[in-house]
1. Taking 0.36 nm per intervening residue step and subtracting the Cα-Cα distance, what contour gain separates ALA38 from ALA12 on full extension?
2. On the first, second and third principal axes, largest extent first, how far apart are the outermost C-alpha atoms of the stretch 2-70 in Å?
3. Calculate the FRET efficiency for THR54 and SER30 from the Cβ-Cβ distance with a Förster distance of 30 Å, rounded to the nearest 0.05.
4. Ranked by Cβ crowding within 10 angstrom, fewest neighbours first, how are VAL40, VAL32 ordered?
Amino acid sequence: MLGPGRLTLEPATGRIAVGADDRREGGETSGVSREDVALVAAAALDDAWTIRRTIDFNNGDLPIAQALGEA
């Protein structure tokens with residue numbers, strides 16, 4: 001199951017932070033672009049390790065494949 005943070009309209013970065021609850025001042029999360037959510041979904045479908053796991057994520061610094069591998 002994918003658990004993206006707050007969705008944004010920003011362009012895809014191809015980079016995420018898994019398990020991150022990155023809160024900005026005021027308690028708002030940094031979020032993740034809709035395009036990156038689609039890229040994470042595609043990568044998760046191609047990775048058997050993600051079966052029966054919950055992956056919470058936001059935009060971050062690691063390439064998606066690397067972040068999923070370290071989750």
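1. Numbers: separation 26, 0.36 × 26 = 9.36 nm, distance 0.93 nm.
Length difference between fully extended and current span is 8.4 nm.
2. Rounded to whole Å, the extents work out to 37, 21, 17 Å.
3. Numbers: r = 19 Å, r/R0 = 0.64.
The value I calculate is 0.95.
4. On the way: VAL40 24, VAL32 28.
So the residues, fewest neighbours to most, are VAL40, VAL32.
Where a number appears in this text, it was derived from the coordinates with a stated rule and is not lab data. This one's a predicted model, so the numbers in the text were calculated from it and none came from an experiment. When we count neighbours, we look across all protein chains shown, and the Cβ atoms used for this are built from the backbone with ideal geometry, even at glycine.
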